[in-house]
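To start, the structure under review is shown below, and the notes come after it.
Coordinate-derived values only; no laboratory data. The shown structure was predicted, so the numbers you read here are calculated from the model rather than taken from an experiment. Cβ placement follows ideal geometry from the backbone for every residue including glycine, while neighbour counts extend to all protein chains displayed.
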Amino acid sequence: MPPIEHLYIHIPFCPKLCPYCCFYVEEGAKNKNRAFLDALLLELEKQNQIREVIPRTIYMGGGTPTSLLADQLAYLMEGLKTRLPLHQLEEWTVEANPATVRPEKARLLKEAGVNRISLGVQSWNDTTLKTLGRVHSSLQARKTVETLLGAGFASLNIDLMFSVPGQTLEEWEADLQTTLEIAPSHISAYCLTYEEDTDFFLKLSKGHFKQDEARDARLFELTMEQLEAGGYAQYEISNHARPGHESRHNIACWEGREYLGLGPSAFSTLNGERTQNVCDTAEYVRRLNAGMPPVHSRESLDASTLLKEKVAFGLRMATGVEEEHLDNWHAEKIHLLEIGLLERHDSRLRLTRRGKMLADAVGESFMG
């Protein structure tokens, strides 16, 4: 059996819980970190006994990996390096919060072999940051960018968010222009979604926030126009990159390649099965220390499910999907071509510019 080439590591700690976030995270928890890190490394060891991990990509997300103390981060990096052969590693991404990056941590990550940082800026507007419940200021974010560039990270992603309650079109345009002036190698620009079990969803249900699809569409169109004019290729609906700086890890996942997820709540797709670990750090640690698997749920992935996912994710990417993959949905395909949401390109089908505005609806056409 070939080795696992793509590895995701979930660090579930954050300096503060953001009111829009639906990921499994815990606030603070510094006293739990060493036990968690030991359990994480133990999970990797156990996986290596089943099927070896020789990564081409590593993605450390969360949560906020950089919320770990410098010595804890160093302990984790050393633990990974002693347990993983890294001779084939092409991309090692670490997510970071501007409030948790210091020069020492930036140097530590660079020396450990990390070559890509994804920085959760979200906005350069302090009022918007306050609405989002972020713990950093726009000034901190600017200084963090300088710190990361100074440490030698040539591959830097900046995460942005639009359609935030109270955010105007002019403020979003200013966020885009500020980011273009900084000129990172990669920009992720997401429309705020109201996820269940979040404070934002509760406020939406009570009428404190309102969704406006027309506004969302205007902001999304502005995003595509501004970033394209700035020299960024939109290789996925929400992701824009300079040539050669696309996220290799994310592309592998979108293309349906196998990946291993470590940590509480992490998903894995291996051997025709999708699993998720328990969404509880203490229980995750307890199970691993007791010699038990940390898996909470399992789902077998049949050919039909895999094809649907390949189409749904593939249509979000600029490369699109092979037309033959849509043979099971001939009527839907013809209809979407006729109304101008899909187009043919080199025996593949991809979203038109208008189709990108309705990407979710197009994807749902092929999920039945």
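Label positions at T82 and A318, each projected 7 Å from the Cα along the C-beta direction, are separated by 4.3 nm.
Here the range 114-169 and the range 251-271 have alpha carbon centers that stand 26 Å from each other.
Counting beta carbons within 10 Å around each of V285, V101 and listing the fewest first gives the order V285, V101. How large is log10 of I(q)/I(0) for the range 61-116 at q = 0.30 Å⁻¹ when the intensity is taken from the Debye formula with one equal scatterer per alpha-carbon? One equal scatterer on each Cα of the range 61-116 leads to -1.45.
Taking every DSSP beta bridge with both residues inside the chain, roughly what % is antiparallel (nearest 5)? Walk me through the numbers before you get to the answer.
On the way: 23 of 54 bridges.
Percent antiparallel among DSSP bridges in the chain is about 45.
Residue exposure proxy: H325, H87, H6, H345, ordered by other Cβ atoms within 10 angstrom of their Cβ from fewest to most, comes out as H87, H345, H325, H6. With 23 Å as the limit on Cα-Cα distance, the pairs of K210/K308; K105/K143; K206/K356; K310/K333; K46/K81; K310/K356 that go past it are K210/K308; K206/K356. Placing unit charges on the Cβ atoms of the charged side chains and taking the dipole of the range 122-232 about its Cα centre, the candidate lying farthest along the positive direction among G152, T193, L139 is L139. With helices as the sole contributors, the chain gives -12000 deg cm²/dmol at 222 nm; each DSSP H run of n ≥ 4 counts as -39500 (n - 2.57), and the sum is divided by every residue. For the range 204-305, the set of trypsin sites (Lys or Arg not before Pro) satisfying both a DSSP loop assignment and a count of at most 13 other C-beta atoms within 10 Å is given as K206, K210. D280's amide H: which non-local residues (gap 5+, or another chain) put their own amide H closer than 5 Å, with H modeled 1.01 Å from N in plane and none for Pro or chain starts? The list, which skips near neighbours in sequence, is S265. The range 301-335 and the range 30-104 have Cα centres separated by 34 Å. Beta-bridge orientation, the range 122-268: approximately 45 percent antiparallel, per DSSP, counting only bridges with both partners inside.
Legend note: in the chain, cysteines whose Cβ sits 4.7 Å or more from every other cysteine Cβ are C14, C22, C191, C253, C279.
Measuring how big the range 320-364 is from its alpha-carbon positions, Rg and Dmax come out at 9.5, 24 Å. Set the Förster distance to 35 Å, then compute FRET efficiency between R354 and E171 from the Cβ-Cβ distance, nearest 0.05. It comes to 0.85.
Considering all different alpha carbon pairs of the chain, the Kirkwood hydrodynamic radius works out to 21.7 Å. Full extension of the chain between A214 and H335 yields a length gain of 41.2 nm, computed as 0.36 nm times the residue separation minus the alpha carbon distance. Going from the residue with the fewest nearby Cβ atoms within 10 Å to the one with the most, I334, I11, I158 rank I334, I158, I11. Near the amide H of L262, within less than 5 Å, lie the amide hydrogens of Y8, I9, H10, all on another chain or at least 5 residues away, with H placed in the peptide plane.
Between R51 and R286, 0.36 nm times their residue separation minus their Cα-Cα distance comes to what?
Extra length available between R51 and R286 comes to 82.3 nm.
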